[in-house]
Amino acid sequence: MPIEPVFLFDLDGTLVDSVYQHVLAWKEALDAEGIDLSVWRIHRRIGMSGGLFMNQLLRETGLEISFERRERLRRLHTESYRRQASSVRPLPGAREVLAWLGEVGIPWAVATSGRMETAAPNLAALGVDPASAVVVTRDQVKRAKPDPDLFVAAAERLGASTDRAVVIGDSIWDMLAAIRCRALGVGLLSGGYGTAELQQAGACRVYDDPADLLLHIDEVGGGRR
């Protein structure tokens, strides 16, 4: 009997074009705290958990970042991102790939390292209602990417094991998390990482964006269009 797949999607840079809004929001938050970090260095960390982001920032700058300062940075990032959220749009093919999976009966879920406070406007832009769709955010798990908790929780809510899962993401952190839960990792270029980087992190296939994924979805277990 064939094993039916489930599709687990990252959100930022995978389904919605929001990576650079997050980068600039973090830049604004760091600047407000007098922490100098180049924009390109921030981009390399988008997709990992906020806690890991802070740990890497500590190693890179040598600064002491207290719990209170971590919380202040997170709040500043959230406030800045919300001011930019109206500019976030679904990536090409994002709505279509979710609709197609629904039409053919393949379960899907969204699993994001963002908390619901920043994920909510992105989901709204995408037309995904967390009250009716399976959405797992950072608030709901102990650890975020590159730990696999988000994808494990999303698969469980779909009633599936992760060895049935196809993880779709735009960052190396998504691919590393996919490997750690024995899922199939599929990379998208729409978040700014390159093909080689995604493949080296474990992606079995790399596509441009959700529209390109939909054109080739039979290659990753999505049936034949």
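Which of the residues belonging to the range 180-205 are β-branched (Val, Ile, Thr) and more than 19 Å from residue 101 (Cα to Cα)? Listed by number, the list holds a single entry, 195. Scan the range 19-28 and tell me whether some residue there is aromatic (Phe, Trp, Tyr) and more than 18 Å from the chain's Cα centre (by Cα). Within the range 19-28, none of the residues are aromatic (Phe, Trp, Tyr) and more than 18 Å from the chain's Cα centre (by Cα).
Residues considered: 62, 47. Of these, the only one that is more than 16 Å from residue 124 (Cα to Cα) and surrounded by fewer than 17 Cβ atoms within 10 Å (Cβ to Cβ) is 62.
Can you find, within the range 130-144, the residue that is nearest to residue 120 (Cα to Cα) among those that are within 15 Å of the chain's Cα centre (by Cα) and of a type in the set (Lys, Arg)? That would be 138.
Residues of the range 32-88 that are among the basic types (Lys, Arg) and out of contact with any Ser or Thr (no Cβ under 8 Å at 6 or more places or on another chain): 41, 44, 45, 59, 69, 70, 72, 74, 75, 83. Among the residues of the range 74-97, which ones are aromatic (Phe, Trp, Tyr) and modelled with pLDDT of 90 or more? If the condition is that a residue be aromatic (Phe, Trp, Tyr) and modelled with pLDDT of 90 or more, then no residue fits. Mind checking whether some residue in the range 161-177 is in contact with a helix residue (DSSP H, G or I) (Cβ under 9 Å, 6 or more places away or on another chain), closer than 14 Å to residue 47 by Cβ and polar (S, T, N, Q)? Within the range 161-177, one or more residues are in contact with a helix residue (DSSP H, G or I) (Cβ under 9 Å, 6 or more places away or on another chain), closer than 14 Å to residue 47 by Cβ and polar (S, T, N, Q).
Residue 97 meets all of the listed conditions (1) over 23 Å from residue 212 (Cβ atoms); (2) buried (at least 20 other Cβ atoms within 10 Å of the Cβ); (3) not assigned by TED's automatic domain parsing to the domain that holds residue 24 but one, namely (1). For the range 87-105, filtered to residues that are free of Cβ contacts under 8 Å to residues at least 60 places away in the same chain and either hydrophobic (A, V, I, L, M, F, W, C) or touching a helix residue (DSSP H, G or I) at 6+ places or on another chain (Cβ under 8 Å) (or both), the residue that is farthest from residue 118 (Cα to Cα) is 99. Selection of the range 109-130 for residues being touching a residue at least 12 places away in the same chain (Cβ under 8 Å) and surrounded by fewer than 16 Cβ atoms within 10 Å (Cβ to Cβ) yields 116, 127, 130.
The values are calculated or read from the model by the stated rules, or taken from the named source; none is laboratory data. Since the model is a prediction, treat every value here as computed from it, not as a measurement. Reconstructed Cβ throughout: ideal geometry from the backbone, glycine too, with neighbour counts over all protein chains shown.
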